[in-house]
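First the structure, in the form of structure tokens, and then the observations on it.
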Amino acid sequence: MDYAKMIDSVQGVACIVSVRKGAEGEAAITIAAANKRYLASVNKVDEEFVPNRPYSYYIAQDPNFDALARGCVSTHKIAHQYVNAELYDSWLDLYMIPLEDDKDGNGYCLFTYEMTPKSDSEKMVDISAATAFSVLKTCIKFRENEDFKATLDSIVKDIRMQCESDGCALILTDIVKRKIDLLSFDSRDIYAPVDEDVFFKPEFYNIVETWHDFMAGSNCIIISNEKELKSIEEKSPDWYKSLKYSGVRTMVLYPLRIKDNLYGYIFATNFNADKTPFIRELMELNSYVLSAETENYRMRQQLEMLSTTDLLTGVMNRNAMNSRVFQLNDDEAARGRGVGAIFIDVNGLKVVNDTKGHRAGDKLIMSVAETLRDICRGKEVYRAGGDEFVIIAADTPREEFDSLFDKLKSYSGKDGGPSFAIGAAYEDKNVSMKRIMKAADAEMYKDKAEYYKAHPDADRRNK
């Protein structure tokens, strides 16, 4: 068949892809013919077209393109995908249409696509009923459950089972700290237990860092056979060794991103390769939902942190303290258990600020906060404001509370370290947090007065 004449009659961007069956390597998939629109789209319109050049001469080599072309010529079925072509900052609505094979063992397909700068939601929902059901189920689970982690675990398990895979994981990447957070993981009962510590090792982050390059402008990585797995070894020997060590034979991986921000991945290992088209669709659509929900979760966490954490010291702030006091007041059971509060006020902060500057004052506050964290492990440490800290010890026996108070008091001014006034109050019957907080504050001010009586030069409160 005269493919050159045929392709010129196609109005859109189009080329003829030739696949040499059973062959591997760069020359196995070539461009047999191309129209001017295709050559213009790959910036080759001014060159003389040479038939049967490797397709990688025109576009970056992509395992997903390889798999699509091979699948089209081997099954003699039309292949369609709607993908985010990151390399070109565009969306591709692409088709591969099988053509007649020749006598030399070459398979052919017509490759055509439309490129747009933005996604088309109508094309994105042109999916199978099974995929639509899965994505709808994912959305409903997020809406019905308040426990994000439990919901995510359930969804990851659903995805693993639909992929018929050995394991499925969702990880977050932190570019600044160069670390990985394993947000959710699910595996078959018969699957060898995974050492989750591997996700937190620097070596694994180095591997994950290469995934973006492996995509080569595509929107996923799919390894569906031994040959595709072996191709990983050429570009990343360390990743290949990791996959082989973990017994991975097939793998599908999609990024989690919001606009241009990549912050994680979802992947499934040892999936049913016979279901690759469905799994690709399933993972791609679910990755959009998971990207949005995970980002919302992270933003809520950040907002909660900002509203409950003192940014200078990292301990909880006054808002968190007030909420905790109200909670303990409303907790009927807590009123019959031992609860104590310790108030601490840093001595001499104004002197430090006036003589050495506020940066030195901040260092003093941070030093006190670090001391309180170390001593009060298992207790709640709050910065109530300025130079004041509060420790709340709920469900704590009297002996333990008194011991903690004595230990804190002994650290005030120890070895030339920070000095602070301290006061405490404790109740274990008919507990009233309002009464406890008021009494502890009064005791602290008594101790403060004693300090300034002994150190009059440090008293600049009203100067």
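The values are calculated or read from the model by the stated rules, or taken from the named source; none is laboratory data. In this text the structure is predicted, and so the values were computed from the model without any measurement. Glycine also receives a Cβ, built like all others from the backbone with ideal geometry; neighbour counts cover every protein chain displayed.
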- Note on the structure: Reported set for the stretch 430-439 where residues are over 43 Å from the mean Cα position of the chain (by Cα) and either within 14 Å of residue 324 (Cβ to Cβ) or not in a helix (DSSP H, G or I) (or both) is 430
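Can you spot a residue in the stretch 242-250 that is under 25 Å from residue 139 (Cβ atoms), among the aliphatic types (A, V, I, L, M) and in contact with a helix residue (DSSP H, G or I) (Cβ under 9 Å, 6 or more places away or on another chain)?
Taking the stretch 242-250 as the starting set, the residues that turn out to be under 25 Å from residue 139 (Cβ atoms) are none.
Scanning the stretch 242-250, I find no residue that is under 25 Å from residue 139 (Cβ atoms), among the aliphatic types (A, V, I, L, M) and in contact with a helix residue (DSSP H, G or I) (Cβ under 9 Å, 6 or more places away or on another chain), so the answer is no.
Scan the stretch 212-261 for residues that are among the charged types (D, E, K, R) and over 21 Å from residue 60 (Cα atoms) and jot them down. Steps first, please.
Residues of the stretch 212-261 among the charged types (D, E, K, R): 213, 226-228, 230, 233-235, 238, 241, 244, 249, 257, 259-260.
226, 238, 241, 244, 249, 257, 259 - these are the residues of the stretch 212-261 that are among the charged types (D, E, K, R) and over 21 Å from residue 60 (Cα atoms).
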- Task: Kindly list, by first and then second residue, each pair from a residue in the stretch 209-230 that is within 18 Å of residue 24 (Cα to Cα) and outside the structural domain of residue 24 (by TED's automatic domain parsing) to a residue that is at pLDDT below 85 and in a loop (DSSP other than H, G, I, E, B), limited to pairs with Cβ atoms under 8 Å and residues at least 6 apart or on different chains.
- Result: 227/24
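For residue 346, indicate whether it is closer than 24 Å to residue 388 by Cβ, modelled with pLDDT of 90 or more and aliphatic (A, V, I, L, M).
Details: closer than 24 Å to residue 388 by Cβ: yes; modelled with pLDDT of 90 or more: yes; aliphatic (A, V, I, L, M): yes.
Here the answer is yes, as residue 346 does meet what is asked.
If I ask for residues that are free of Cβ contacts under 8 Å to residues at least 24 places away in the same chain and outside any helix (DSSP H, G or I), which ones from the stretch 301-321 would you list? Before the answer, list the steps.
At the first step, the residues of the stretch 301-321 found to be free of Cβ contacts under 8 Å to residues at least 24 places away in the same chain are 301-309, 311, 319.
Scanning the stretch 301-321 gives 309, 311.
Could you please let me know if residue 36 is of a type in the set (D, E, K, R) and at pLDDT below 90?
Details: of a type in the set (D, E, K, R): yes; at pLDDT below 90: no.
Criteria not met by residue 36.
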- Task: Could you check how many residues of the stretch 370-390 are surrounded by 22 or more Cβ atoms within 10 Å (Cβ to Cβ) and under 33 Å from the mean Cα position of the chain (by Cα)?
- Result: 4
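Would you mind finding the one in 60, 23, 14 that is under 41 Å from the mean Cα position of the chain (by Cα), surrounded by fewer than 16 Cβ atoms within 10 Å (Cβ to Cβ) and over 24 Å from residue 212 (Cα atoms)? Write out each step before concluding.
Details: 60 fails: over 24 Å from residue 212 (Cα atoms); 14 fails: surrounded by fewer than 16 Cβ atoms within 10 Å (Cβ to Cβ).
Going through 60, 23, 14 in turn, the sole match is 23.
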- Selection from the stretch 87-114 of residues that are acidic (Asp, Glu) and in contact with a strand residue (DSSP E or B) (Cβ under 9 Å, 6 or more places away or on another chain): 93, 100, 101, 102, 104, 114
- What are the residues in the stretch 99-125 that are surrounded by 11 or more Cβ atoms within 10 Å (Cβ to Cβ), at pLDDT below 85 and in a loop (DSSP other than H, G, I, E, B), if any? 101, 102, 105, 119, 120, 125
- Can you name every residue in the stretch 252-284 that is over 23 Å from residue 209 (Cα atoms), assigned to a helix (DSSP H, G or I) and either touching a residue at least 12 places away in the same chain (Cβ under 8 Å) or of a type in the set (Phe, Trp, Tyr) (or both)? 273, 275, 276, 277, 278, 279, 281, 282
- Query: Take the residues of the stretch 436-451 that are touching a Gly at 6+ places or on another chain (Cβ under 6 Å) and closer than 15 Å to residue 412 by Cβ: which is surrounded by the most Cβ atoms within 10 Å (Cβ to Cβ)?
  - Reply: 444
- Query: Just checking, how many residues over the stretch 406-430 are farther than 21 Å from residue 348 by Cβ and either basic (Lys, Arg) or out of contact with any Asp or Glu (no Cβ under 9 Å at 6 or more places or on another chain) (or both)?
  - Reply: 6
- Go through 278, 326, 343 for me and flag whichever is under 30 Å from residue 435 (Cβ atoms), in contact with a helix residue (DSSP H, G or I) (Cβ under 7 Å, 6 or more places away or on another chain) and not β-branched (Val, Ile, Thr). 343
- Message: Going residue by residue through the stretch 136-152, is there one that turns out to be modelled with pLDDT of 80 or more, crowded, with 18+ Cβ neighbours inside 10 Å and part of a loop (DSSP other than H, G, I, E, B)?
- Response: no
- Item | Qualifying residues in the stretch 47-97 (those that are charged (D, E, K, R) and not in a strand (DSSP E or B)) - the one nearest to residue 118 (Cα to Cα) | 89
- Item | residue 267 within 27 Å of residue 82 (Cβ to Cβ), within 15 Å of the chain's Cα centre (by Cα), surrounded by 20 or more Cβ atoms within 10 Å (Cβ to Cβ) and not acidic (Asp, Glu) | yes
- Message: Checking the condition exposed (fewer than 14 other Cβ atoms within 10 Å of the Cβ), modelled with pLDDT of 85 or more and of a type in the set (Lys, Arg), which residue from 230, 235, 201 passes?
- Response: 230
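Taking residue 448 as the residue in question, decide whether it is in a helix (DSSP H, G or I) and closer than 23 Å to residue 310 by Cα.
On the way: in a helix (DSSP H, G or I): yes; closer than 23 Å to residue 310 by Cα: no.
Spelling it out, it is not the case that residue 448 is in a helix (DSSP H, G or I) and closer than 23 Å to residue 310 by Cα.
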- Within the stretch 284-324, the count of residues that are buried (at least 19 other Cβ atoms within 10 Å of the Cβ) and touching a Lys or Arg at 6+ places or on another chain (Cβ under 9 Å) comes to 8
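If I ask for residues that are touching a helix residue (DSSP H, G or I) at 6+ places or on another chain (Cβ under 7 Å), within 24 Å of residue 221 (Cβ to Cβ) and part of a loop (DSSP other than H, G, I, E, B), which ones from the stretch 22-46 would you list?
The first filter runs over the stretch 22-46 and keeps only residues touching a helix residue (DSSP H, G or I) at 6+ places or on another chain (Cβ under 7 Å), leaving 24, 26, 29-35, 45.
Those still in the list that are within 24 Å of residue 221 (Cβ to Cβ) too: 24, 26, 29-31.
Hit for the stretch 22-46 is 24, nothing else.
In the list 291, 323, which residue meets the criterion of being among the polar types (S, T, N, Q) and touching a strand residue (DSSP E or B) at 6+ places or on another chain (Cβ under 9 Å)? Talk me through it step by step, then tell me what you get.
Details: 323 fails: touching a strand residue (DSSP E or B) at 6+ places or on another chain (Cβ under 9 Å).
The match here is 291.
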